[in-house]
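K.L.:
Pasting a structure here, questions to come.
Taken together, the values in this text are just the output of simple stated rules run on the coordinates, not laboratory data. Only a predicted model underlies this, so the values are computations on that prediction, with no experimental measurement involved. Positions of Cβ are backbone-derived with ideal geometry, glycine not excepted, and every protein chain shown enters the neighbour counts.
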Amino acid sequence: MFRILLVDNYDSFTWNLVHLIGALGPAIDVRRNDAISADEVLALDPDAIVLSPGPCTPNEAGICLELIEKAAPSVPMFGVCLGLQAMGQAFGGEVVRAPLPMHGKISRVHHKGEGLFRGINGPFEATRYHSLIVARENCPADLAVTAESEDGLVMAMAHRRLPLHGVQFHPESILSEHGATIMRNFLDIAARWNETGRPARTS
């Protein structure tokens, strides 16, 4: 069975995310961001890692930054909200205040129908809960912006070579469209990487 290690950043939406992913079939092991080390996560040898939303900054998100650095070369990862911000910062980007705080606000998300958004035609509505954003002006060279809001803010990013993806909005929100499709696309991306691109496992 496909196994996911989900890092809980002490967020009220974590279990909504667990239910969204669990409905698609994977086994999910949930660990708080200060209750396990990055090395212990790697020792568990998950098929993918999910970084949950959270109420803090990437610097305050327990193991997240270290885990991204250590796991990125080998383990597929999906970040939501804070999880995306941590990915952006880990690769050299800057996390800044958003122009406006977005707490329970619905935005239209524009994308190219690739990667996480395969099979989704045109813009869709998604729910946002955040006051921070990955600055687009100095986007890390290793990361590509794969979706944006109507005012051009980063709504999703992907690594240019590795199976690392993140979204700023909340796909697990009941008011977000295509949440299950986005998660299924990530699981498919992760499965393909594990079959063909992942460095040999030692266990």
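K.L.:
Run the numbers on the range 3-196 and let me know its relative contact order in percent, using alpha-carbon pairs under 8 Å that are six or more apart.
P.N.:
Computed value for the range 3-196: 21 percent relative contact order.
K.L.:
Would you mind calculating the relative contact order of the range 1-115 from Cα pairs under 8 angstrom and at least 6 residues apart, reporting the percent as a whole number?
P.N.:
Over the range 1-115, the number comes to 26 percent.
K.L.:
Sticking with this structure for a sec: Could you tell me which of I21, L42, Y10 has its Cα farthest along the dipole of the chain towards the positive end, charges placed at Cβ (Lys, Arg +1; Asp, Glu -1), taken about the Cα centre?
P.N.:
Among I21, L42, Y10, the one farthest towards the positive end of the dipole of the chain is I21.
K.L.:
In what sequence, highest mean first, do 63-72, 44-53, 120-129 appear when ranked by Cβ atoms within 10 angstrom?
P.N.:
Result, highest mean Cβ count within 10 Å first: 44-53, 63-72, 120-129.
K.L.:
Fewest first, what order do M87, M1, M155 take by the number of other Cβ atoms within 10 Å?
P.N.:
Neighbour counts put them in this order, fewest first: M1, M155, M87.
K.L.:
Explain nothing, just compute: Karplus ³J(HN,Hα) = 6.51 cos²θ - 1.76 cosθ + 1.60, θ = phi - 60°, for every residue of the range 48-61 in order, whole Hz, x for Gly and Pro.
P.N.:
Karplus values, whole Hz, x for Gly and Pro: 7, 10, 10, 9, 6, x, x, x, 10, 9, x, 5, 9, 8.
K.L.:
From the backbone phi of the range 39-44, what are the Karplus-calculated ³J(HN,Hα) couplings (6.51 cos²θ - 1.76 cosθ + 1.60, θ = phi - 60°) in whole Hz, Gly and Pro given as x?
P.N.:
In residue order, the calculated couplings are 5, 5, 4, 4, 5, 6 Hz.
K.L.:
What is the local net charge at R31, summed over the other residues whose Cβ is closer than 11 Å to its Cβ (Lys, Arg +1; Asp, Glu -1)?
P.N.:
-3
K.L.:
In the neighborhood of P171, defined by Cβ-to-Cβ distances under 13 Å, what is the net charge if each Lys or Arg adds +1 and each Asp or Glu adds -1?
P.N.:
Here the count lands on -1.
K.L.:
Residues with amide H under 5 Å of H130's amide H, sequence separation 5 or more or different chain, H placed in the peptide plane at 1.01 Å from N; which?
P.N.:
Amide H to amide H, under 5 Å and 5 or more residues apart or across chains, H130 pairs with M102, H103, G104.
K.L.:
Can I ask one more? Can you compute the charge dipole magnitude of the range 3-196 about its Cα centre, using +1 on each Lys and Arg Cβ and -1 on each Asp and Glu Cβ, nothing else charged? Give it in debye, rounded to the nearest 20.
P.N.:
Magnitude of the dipole: close to 400 debye.
K.L.:
To continue, here is another question. Just grab the label-to-label distance for C56 and R3, each label 7 Å out from Cα along the Cβ direction, in nm (one decimal).
P.N.:
2.7
K.L.:
Another question, then. How much length, in nm to one decimal, is gained on full extension between L100 and E125, taken as 0.36 nm per residue of separation minus their Cα-Cα distance?
P.N.:
Working it through step by step, the gained length comes to 7.2 nm.
K.L.:
Next up: Provide, in order from the shortest bin, the percent of all Cα-Cα pairs of the chain in each 5 Å bin, continuing until the bin that contains the maximum pair distance.
P.N.:
Per 5 Å bin, starting at zero, the Cα-Cα P(r) for the chain comes out as 1, 8, 18, 22, 22, 17, 8, 2, 0, 0 percent.
K.L.:
What value, in deg cm²/dmol to 500, does the helix sum -39500 (n - 2.57) over DSSP H runs of n ≥ 4 give at 222 nm once divided by the residues of the chain?
P.N.:
Dividing the helical sum by the residues of the chain leaves -7500 deg cm²/dmol.
K.L.:
Between F169 and residues 5 or more places away or on another chain, which pairs have amide H atoms under 5 Å apart, with H built 1.01 Å from N, and which residues are they?
P.N.:
The list, which skips near neighbours in sequence, is C81.
K.L.:
Okay, moving on. Please report the net charge: other residues with Cβ closer than 12 Å to the Cβ of W193, K and R +1, D and E -1.
P.N.:
Result for the neighbourhood of W193: 0.
K.L.:
Here's another thing I want to ask about it. Can you sort L164, L20, L175 by how many other beta carbons sit within 10 Å, fewest first?
P.N.:
Placing the least packed residue first, the sequence is L175, L20, L164.
K.L.:
Residues in the range 169-196, backbone N under 18 Å from the label point at D45 (7 Å along the Cα-to-beta-carbon vector): list them, ranges by number please.
P.N.:
191-196, by backbone N distance to the label point.
K.L.:
Where the only charges are on Cβ atoms (+1 Lys, Arg; -1 Asp, Glu), what is the dipole of the range 7-113 about its Cα centre, to the nearest 20 debye?
P.N.:
Approximately 640 debye in magnitude.
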